[in-house]
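What follows is one structure encoded as structure tokens, with my remarks underneath.
The values are calculated or read from the model by the stated rules, or taken from the named source; none is laboratory data. Everything numeric here is computed off the predicted structure, so don't read it as measured data. Neighbour counts are summed over all protein chains in view; Cβ atoms, including those assigned to glycine, are modelled from backbone coordinates with ideal geometry.
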Amino acid sequence: MKKVNNNIINVIGAGLAGSECAYQLAKRGYKVNLYEMKPKKMSPAHELEDFCELVCSNSLKNANVTNACGLLKAEMRKMDSITMLTADECAVPAGSALAVDREVYAKAVTDKLKAHENITIINEEVTDLSTIEGIKVVATGPLTSDGMQDYLKAEIDEFLYFYDAASPIVSADSIDFDRAFFGDRYGKGDADYLNCTMRKDEYMEFFENLIAGETVILKDFEKKEIFEGCMPIEVMASRGIDTMRFGPLKPVGLTDSGERYYAVLQLRSENADKTLFNLVGFQTNLKFGEQKRIFSMIPALKNAEFVRYGVMHRNTFVNSPKVLNAGCQYKKDENIYFAGQITGVEGYVESALSGLYTALQIDYFLKNGKLNSMNSKTMTGALVNYIQVTNSKFQPMNANFGILDTAEFTFRIKNKMERYQGYADRALLEIDDVITSFEGEK
Ligand SMILES: Cc1cc2nc3c(=O)[nH]c(=O)nc-3n(C[C@H](O)[C@H](O)[C@H](O)COP(=O)(O)OP(=O)(O)OC[C@H]3O[C@@H](n4cnc5c(N)ncnc54)[C@H](O)[C@@H]3O)c2cc1C
């Protein structure tokens, strides 16, 4: 592989994160080598030759700023995000969501990157970072090629994980606490779990709907890799009417003031503030709409707000809190950065934001000799700070209001939409300060 000049920044992977990162660096005057293995080598999910490919849904989620992902998009537009501004140009009607024509979108981003005078495209798979001189940004995504994975595993050792399932996450303020109580099995432990109770008739209705629920059709590679180690809840349910009651819905040892239940789902807090809860053992391959419909049959979740749906796919990411500094800079080598889903953010928009953020940090580091920090009052800050928090069970996270610093809002504004509008108004002012902190006063 060819050696490159030390003054050039090498971005590896031209997906959502790599495209955004390369653009942000190039517009700041850096010469960028953008490495992409497509179309010579395609991951199991990528199909297009162009960059910035949306591998599954064509939706970039909700467009309103009262939604966390909508707010993140709005913040990114203020930061001149190529991926979001181009998405607006390629939008197709999708109700309250921002959806794009996938092919038009990928081509539009690709054309802009190829036309940029500071960007050189190198059509290669990178499998060894030591063969490239200068700063390197690893943005190879959840389906990082095997060659690069092997390299990273050897380099980063135990810090690179394979992750194949995620349970849904709900916001604490949407749970009905009349049907849930805190407590550990047999009263042991620190009452860390929130137990959602079900009576027999409720369980039966839930079971019937679950086994008939509509699932996402798995790609061949997923079928091969998932079912060996991790069973989706709907597959477990299909094995017998009581199977779940011996697994994630086991009621024994979970009583509330002496009352016993037919089935109990345990929720585990996802963050220190206990604003988010994970449906333990409910990794699933159900379609998102079906997750909402069927899991909301659990009485405590009847009005639950799903901040992240369960997903099942191969997912490679580094243990960011352990191996990366702020700015997604590799702790052992200040010339190596990470961006995108490989840092533990999840979703198209979040991955693009990660690419943008890493570019800002590289620019800041080169100018100031240190990394910048930001508070969690913007969705941008909340997300990048989340993946730096030391967490023994680090799991990917997408944009949601549960990770935002909302201390000044929680008790003063009771109406949820008003509160979300308040978060958005503040964040869209705050993001100007974030931009100034990275760029300096103009
Ligand atoms: C099957 C599947 C379905 C998904 N569905 C959704 C969804 O519906 N909605 C959603 O928001 N998110 C979805 N995601 C998550 C989505 O992949 C990420 O949110 C997003 O695409 C990640 O962006 P990224 O830039 O980190 O990686 P990617 O967009 O995957 O980009 C990585 C790029 O790096 C290239 N590459 C990989 N290895 C090398 C190498 N060694 N050398 C050079 N180039 C390399 C790849 O070809 C690719 O172009 C899905 C993920 C998967 C795997």
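In the list Val170, Val126, which residue meets the criterion of being in a loop (DSSP other than H, G, I, E, B) and surrounded by 22 or more Cβ atoms within 10 Å (Cβ to Cβ)? From the options Val170, Val126, the qualifying one is Val126.
So, of the residues in segment 71-97 that are among the small types (Gly, Ala, Ser) and in contact (Cβ under 8 Å) with a residue 24 or more places away in the chain, which turns out to be surrounded by the fewest Cβ atoms within 10 Å (Cβ to Cβ)? Step by step, filter segment 71-97, then rank; the result is Ser96. Taken over segment 1-28, residues that are part of a loop (DSSP other than H, G, I, E, B), surrounded by fewer than 24 Cβ atoms within 10 Å (Cβ to Cβ) and at pLDDT 95 or above amount to 1.
Select from segment 187-206 the residues that are touching a strand residue (DSSP E or B) at 6+ places or on another chain (Cβ under 9 Å) and assigned to a helix (DSSP H, G or I) and write down the one among them that is farthest from Glu234 (Cα to Cα). So, considering only residues that are touching a strand residue (DSSP E or B) at 6+ places or on another chain (Cβ under 9 Å) and assigned to a helix (DSSP H, G or I), the one farthest from Glu234 (Cα to Cα) is Lys200. For Phe338, the criteria (1) within 9 Å of the ligand (Cβ to nearest atom); (2) modelled with pLDDT of 95 or more; (3) among the hydrophobic types (A, V, I, L, M, F, W, C) hold in every case but one, which is (1). Only residues that are in contact with a helix residue (DSSP H, G or I) (Cβ under 7 Å, 6 or more places away or on another chain), among the hydroxyl-bearing types (Ser, Thr, Tyr) and more than 9 Å from the ligand (Cβ to nearest atom) were counted across segment 17-33, and they come to 1.
Please determine, by comparing only the residues of segment 254-267 that are surrounded by fewer than 17 Cβ atoms within 10 Å (Cβ to Cβ) and modelled with pLDDT of 85 or more, which one is farthest from the chain's Cα centre (by Cα).
Restricting to residues being surrounded by fewer than 17 Cβ atoms within 10 Å (Cβ to Cβ) and modelled with pLDDT of 85 or more, the top hit is Arg260.
For Ala68, the criteria (1) out of contact with any helix residue (DSSP H, G or I) (no Cβ under 7 Å at 6 or more places or on another chain); (2) buried (at least 20 other Cβ atoms within 10 Å of the Cβ) hold in every case but one, which is (1).
Give Glu36, Glu53 a once-over and let me know the one that is farther than 15 Å from Val349 by Cα, near the ligand (Cβ under 9 Å from one of its atoms) and crowded, with 17+ Cβ neighbours inside 10 Å. Even if it seems obvious, please write down each step before you answer.
Working: Glu53 fails: farther than 15 Å from Val349 by Cα.
Among Glu36, Glu53, only Glu36 is farther than 15 Å from Val349 by Cα, near the ligand (Cβ under 9 Å from one of its atoms) and crowded, with 17+ Cβ neighbours inside 10 Å.
The C-beta contact set for segment 168-195 (first residue at pLDDT 90 or above, second residue exposed (fewer than 13 other Cβ atoms within 10 Å of the Cβ), distance under 6 angstrom, 6+ apart or interchain) comprises Ser174/Asn303; Phe182/Ala191.
On the basis of being surrounded by fewer than 14 Cβ atoms within 10 Å (Cβ to Cβ) and either modelled with pLDDT under 90 or outside any strand (DSSP E or B) (or both), does Gly147 make the cut?
no
Number of residues in segment 347-369 that are among the charged types (D, E, K, R) and either more than 16 Å from the ligand (Cβ to nearest atom) or surrounded by fewer than 24 Cβ atoms within 10 Å (Cβ to Cβ) (or both) equals 2.
Here Gln395 meets the list (1) under 30 Å from Asn7 (Cβ atoms); (2) of a type outside the set (Ser, Thr, Tyr); (3) surrounded by fewer than 22 Cβ atoms within 10 Å (Cβ to Cβ) almost entirely, failing just condition (1).
Mind telling me which of the residues Leu276, Leu301 ends up being under 17 Å from the mean Cα position of the chain (by Cα) and either crowded, with 23+ Cβ neighbours inside 10 Å or not assigned by TED's automatic domain parsing to the domain that holds Lys393 (or both)? Outline the logic, then answer.
Values: Leu301 fails: under 17 Å from the mean Cα position of the chain (by Cα).
Sole residue among the options that is under 17 Å from the mean Cα position of the chain (by Cα) and either crowded, with 23+ Cβ neighbours inside 10 Å or not assigned by TED's automatic domain parsing to the domain that holds Lys393 (or both): Leu276.
Screening Asn385, Asn368, Asn375, Asn415 for residues that are closer than 24 Å to Tyr309 by Cβ and either of a type outside the set (Phe, Trp, Tyr) or modelled with pLDDT of 95 or more (or both) leaves exactly one candidate, Asn385. Here are the criteria: (1) near the ligand (Cβ under 9 Å from one of its atoms); (2) more than 17 Å from Val11 (Cβ to Cβ). Tell me which single one Gly281 does not satisfy. Answer for Gly281: the failing condition is (1).
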